[in-house]
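**Student:** Dumping the structure here so I can ask a few things about it.
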Amino acid sequence: MEPDLPQMLAGYLPAQILHAAAELGVADAIGDGPGDVAETAKLTGADPDALRRLLRALAGLGMLEQLDADRFALTETGGLLRSDAPGSVRDDVLLSITPELWAAWGSLTRVVRTGEPWRDPGTGLTARESALRDPVLGTAYRAAQGRATAEFAHGLVRVCDFSRFGTIADLGGDDGALLAAVLAAEPGPRGLLFDLPAALPA
């Protein structure tokens, strides 16, 4: 099947719709619902008319079901945007379209030309560094990375033999979940975890 170029060019729209919903906490506000527009607007601090349009867009993406003009319910997929849902992707959505990351992707041509990563003009930080320094985004980033690490670690210890190593170092290992999984599977080696000071309490 040939790629749909117009659809690809409009790909930023669903991403921004999902990000706005996650940032406003729409799924949490609707909860087990259904939720009506006025109450959801009150809970999220949004303008009711603008929120109605956002909810309709989310229904078009399959995240919500529109029950009538003013009532919406989460679909199974939309439920993953709830912060309290098992397997929640809210943190991932918040991280995917941070202003810094959005600006970085908008500078892709320059990055490809120069080979230099995008940096915020005001701070000199990369998008990842900016996210980690923000208290809310930093927490979300670590939570998302932790989930990805847990999934990765499960497969890694099944296919890799670490018994031949005396010391195993995890550089940028955050809360140590990956290193802990490796050492649980191979208790002989020593483990060394290295990360930024903000990660050490975890």
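The values are calculated or read from the model by the stated rules, or taken from the named source; none is laboratory data. Predicted model, so just to flag it, every value in this text is computed and none were measured. When we count neighbours, we look across all protein chains shown, and the Cβ atoms used for this are built from the backbone with ideal geometry, even at glycine. Just the protein is used for accessible areas: all its heavy atoms, side chains included, with ligands, DNA and RNA removed. Shrake-Rupley method; radii C 1.70, N 1.55, O 1.52, S 1.80 Å.
**Student:** Output the direction-averaged projected area (hull surface divided by four) of the convex hull of the alpha-carbon atoms of the stretch 145-201, in nm².
**Tutor:** 3.7
**Student:** Further question on the same structure: Given the options Thr126, Leu95, Gly115, identify the residue whose Cα lies farthest towards the positive end of the charge dipole of the stretch 93-146 (+1 on Cβ of Lys, Arg; -1 on Cβ of Asp, Glu).
**Tutor:** Gly115
**Student:** Indicate, rounded to the nearest 5 percent, the antiparallel portion of the DSSP beta bridges found entirely in the chain.
**Tutor:** 50
**Student:** Still on this structure: Contour minus end-to-end for Glu151 and Trp105, with contour as 0.36 nm per residue of separation and end-to-end as the Cα-Cα distance?
**Tutor:** Residue separation times 0.36 nm, minus the Cα-Cα distance, leaves 13.9 nm.
**Student:** Moving on to the next point. Quick one: pull the percentage of alpha-carbon pairs in the stretch 71-125 with a separation above 17 Å.
**Tutor:** Cα-Cα pairs of the stretch 71-125 separated by over 17 Å account for 55 percent.
**Student:** Starting from the residue with the highest accessible area, list Leu55, Leu125 in decreasing order, probe 1.4 Å.
**Tutor:** Leu125, Leu55
**Student:** Please state the charge dipole magnitude for the stretch 145-201, taken about the Cα centre, from unit charges on C-beta atoms (+1 on K and R, -1 on D and E), reported in debye and rounded to the nearest 20.
**Tutor:** 140
**Student:** How much length is gained if the chain between Phe162 and Val112 is pulled fully straight, taking 0.36 nm per residue apart and subtracting their Cα-Cα distance, in nm to one decimal?
**Tutor:** 14.3 nm
**Student:** I'd like to know which of Leu179, Tyr12, Ala59 lies farthest towards the positive end of the charge dipole of the chain, counting +1 on Cβ of Lys and Arg and -1 on Cβ of Asp and Glu.
**Tutor:** My answer, from the dipole projection, is Leu179.
**Student:** Suppose each label sits 7 Å from its Cα in the direction of the beta carbon; what would the Arg128-Ala69 distance come out to in nanometres?
**Tutor:** 5.0
**Student:** A further question follows. If you take the C-alpha gyration tensor of the chain, multiply each eigenvalue by 5 and take the square root, what semi-axes do you get, largest first, in whole Å? Before the final figure, lay out the partial values.
**Tutor:** Working: eigenvalues 270, 104, 60 Å².
Listed largest to smallest, the semi-axes of the chain are 37, 23, 17 Å.
**Student:** Moving on to the next point. How far, in nm, would the chain grow between Leu43 and Leu196 when pulled straight, counting 0.36 nm per residue and subtracting the alpha carbon separation? Show your work: numbers first, answer last.
**Tutor:** Details: separation 153, 0.36 × 153 = 55.08 nm, distance 3.61 nm.
Result for the pair: 51.5 nm of gain on full extension.
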